[in-house]
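All remarks here apply to the structure that follows.
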Amino acid sequence: MLATRGGLTVLAAQVTVVALFAVIGAAYLIIASAQTSAPAPPVPDHKITTIPATLDRACRRGRATLYDECSDQLAVFETGTKRAAAEGKVPLVSYGAEWCIWCHVFANYIHGGTTRFEYTYGSPEAPEARQTSTIYERAKQDVSAEAAALSAYVGSSFVVVHIDVQYAPNGHAVMEKTGAAPFWEGGIPFIFTVDREGRYAAHLDHDAVEVRRDTYDWYRGFDRRRLVAELQRMHDAASR
């Protein structure tokens, strides 16, 4: 049974992480917008390749923004692995659904989002229902350099492949084909890397990287430095 990661809440090469943030930080000294103002412009996403690259507006009322809810997901996965091989990158698979808020949170973070986020999402119990919320990061310091570093790393290292769990055919078949199914505990997004043969390599430890507030001023996000380190670990596992 599908579930949101209500509990969703690293060791990598520390020198690499520090160097990455130092280089990117020098190039992106941006003053953060006030937390209650309009959304801060996202930092450049360094041309992150995302599969599917476009979505059919005729598919299920055209509401999807991340996942192709109609096409064969084995074909989507094959397109993603071929594109990753062509670009010399690792496939980073996000197995999820349009109603899943954490799926959208992850996408926004890797594309450089900061400060103020607006999400349209639902629940596994009522996947067709939608609500929209605006949430605020309320960081204690400027996070634009960290956001730029995260986006730069993802763009230079991965091809992001969105695989739909809810409606499209053969979503779970991708999990079986890659060997990822035994590692999936039922929550989404399940984010994992595959090696050159398209086999499961590693998955994201959400508890190690997530940031959340469960007060009236609730929030869902990630510690960007830890997320980069975790993604580096996953990349290394897929590159052996």
Per the filter on the stretch 190-240, residues among the hydrophobic types (A, V, I, L, M, F, W, C) and assigned to a loop (DSSP other than H, G, I, E, B) are Leu204, Trp218
Of (1) within 12 Å of the chain's Cα centre (by Cα); (2) more than 22 Å from Val228 (Cα to Cα); (3) of a type in the set (Ser, Thr, Tyr), Tyr109 satisfies every one except (2)
Scanning the stretch 25-62 for residues that are under 27 Å from Phe190 (Cα atoms), at pLDDT below 95 and within 19 Å of the chain's Cα centre (by Cα) gives Pro42, Val43, Pro44, Asp45, His46, Lys47
Taking the stretch 162-208 and the residues there that are of a type in the set (S, T, N, Q) and touching a Pro at 6+ places or on another chain (Cβ under 7 Å), the one that is surrounded by the fewest Cβ atoms within 10 Å (Cβ to Cβ) would be Gln166
The correct count of residues that are among the hydrophobic types (A, V, I, L, M, F, W, C) and in a helix (DSSP H, G or I) in the stretch 173-189 is 5
Of all strands (runs of 3 or more DSSP E) fully inside the stretch 54-164, the set with 1 or more residues that are small (Gly, Ala, Ser) is 90-96, 131-136
Result of the Cβ filter at 7 Å on the stretch 209-224, keeping first residues that are at negative phi and surrounded by 23 or more Cβ atoms within 10 Å (Cβ to Cβ) and partners that are among the β-branched types (Val, Ile, Thr) and assigned to a loop (DSSP other than H, G, I, E, B), at least 6 apart or interchain, is Arg224/Val143
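The values are calculated or read from the model by the stated rules, or taken from the named source; none is laboratory data. Everything numeric here is computed off the predicted structure, so don't read it as measured data. Virtual Cβ from ideal backbone geometry, glycine too; neighbours counted across all protein chains shown.
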